[in-house]
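Report on the structure given below.
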C-alpha cells in the first residue's frame with residue numbers, strides 16, 4: 001500500500017480523475033494487474049504528461065490475457081509518451097512488436113567507478129565468489145592516502161559548495177530556478193522542477209535515494225540523484241557487491257565543472273552508504289569527469305529502456321536527440 005501511495009496519492013502529477021491501473025479478473029478471480037503512473041515531461045519545449053506502466057503481472061495460467069491489460073494502457077496513452085523502461089526479456093519482445101523503440105540514450109558504456117584500488121580488488125574477488133578481508137584493509141590504507149590524493153581532485157572545484165540533501169523541505173525554489181534557467185538547453189527531457197525532485201527522492205520511505213546538490217554562492221547549479229544498487233558477477237558463485245547508481249544528473253551548462261564537483265563529493269564520502277563505488281553511464285555531462293578518474297571498470301552497452309511516441313513527437317525527436325538519463329519511466333518508482 002505504501003508503494004500505491006507513492007505512485008498516486010503523493011504523486012504531484014496524478015489527479016483524482018486519472019486511471020490508476022487495471023485488474024484482470026477471470027471467473028471472479030483476480031488473475032493479473034498493471035499499474036499506470038503519470039509523469040511530467042517537456043517535449044519540443046512544451047510540458048506534457050507521460051505514462052509509464054508498472055508492476056505488470058499475470059498468473060501463469062492466464063498469460064494469454066496479459067496483452068488485454070497492456071492494450072488498455074496503450075489506448076489511455078494514445079497521443080502521448082508511453083514508457084517501458086524496466087522490461088523483462090519477454091516483455092521487451094512484446095513491446096517491440098507493438099511499436100516501441102529503444103530509448104535513444106546518449107551513452108555507449110556503463111562505468112563502475114571505485115574510490116580506491118581496494119574497492120576495485122574487492123569487486124573483482126566478489127565477482128569470482130571470494131570473500132576476503134584484506135581488500136578492505138587495503139582500502140583503509142588507500143583512504144589514508146586518499147585524504148591527500150582524492151580530495152586533490154575536489155580542490156579543483158573549491159568554488160562550489162556541495163552537500164547531501166536529506167529532507168524534502170530543503171528542496172526549494174532554487175531547484176525551480178535552476179530548471180527555468182536551463183530548460184531551454186534541451187527541448188526533450190524530463191521536467192526537473194522542485195515538485196518532481198521532492199516527490200521522486202522523498203515520496204517513498206521504502207525507495208531510498210540520495211540527492212546531492214551543488215551551489216555557487218546562493219545559486220543551485222547542479223544536482224545528482226543516486227540509489228543503492230546490488231550487483232552480482234556473471235558466475236553462479238559470485239557474491240553481491242553494493243554500489244550507488246546514478247539515476248539523474250542535471251546542471252547549468254555555464255558551470256560545466258559542477259557535475260564533476262557532485263561526483264567528486266560523492267566518491268570522497270561513500271562511507272555512510274557502505275558501498276564500493278559509483279555506477280553511471282557515459283552521458284555527455286559525465287564524460288569529462290570519467291576521463292579523470294583512475295579505478296574504473298567499463299562495460300559496453302546502454303540501458304534497456306523502450307518508449308512509444310506518436311508521429312508528431314517522433315518528428316521532433318529526429319530534429320534533436322532527447323536528453324534522457326536513467327530516471328525515466330518507472331525506474332526508481
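The values are calculated or read from the model by the stated rules, or taken from the named source; none is laboratory data. As the structure is a prediction and not an experimental result, all values here were calculated from the model. Note: ideal-geometry Cβ built from the backbone for every residue, glycine included; neighbour counts use all protein chains shown.
If you check 70, 114, 100, which single one turns out to be without any contact (Cβ under 8 Å) to a residue 40 or more places away in the chain and in contact with a helix residue (DSSP H, G or I) (Cβ under 9 Å, 6 or more places away or on another chain)?
On the way: 114 fails: without any contact (Cβ under 8 Å) to a residue 40 or more places away in the chain; 100 fails: without any contact (Cβ under 8 Å) to a residue 40 or more places away in the chain.
Testing whether each residue is without any contact (Cβ under 8 Å) to a residue 40 or more places away in the chain and in contact with a helix residue (DSSP H, G or I) (Cβ under 9 Å, 6 or more places away or on another chain) leaves just 70.
Pull up the stretch 205-249, narrow it to residues that are free of Cβ contacts under 8 Å to residues at least 40 places away in the same chain and not in a loop (DSSP other than H, G, I, E, B), then point me to the one that is surrounded by the fewest Cβ atoms within 10 Å (Cβ to Cβ).
Only one residue tops the list, namely 230.
Kindly state which strands (runs of 3 or more DSSP E) lie completely within the stretch 267-313 and contain at least 2 residues that are at pLDDT below 95 and over 18 Å from the mean Cα position of the chain (by Cα).
Ranges flagged: 296-300.
Name the single residue, out of those in the stretch 274-291 being in contact (Cβ under 8 Å) with a residue 40 or more places away in the chain and out of contact with any helix residue (DSSP H, G or I) (no Cβ under 7 Å at 6 or more places or on another chain), that is farthest from residue 40 (Cα to Cα).
Looking at the filtered set, the residue picked out is 275.
Can you tell me which condition residue 142 does not meet? The list is (1) over 21 Å from residue 227 (Cβ atoms); (2) surrounded by 12 or more Cβ atoms within 10 Å (Cβ to Cβ); (3) at pLDDT 80 or above, and all the others hold.
(3)
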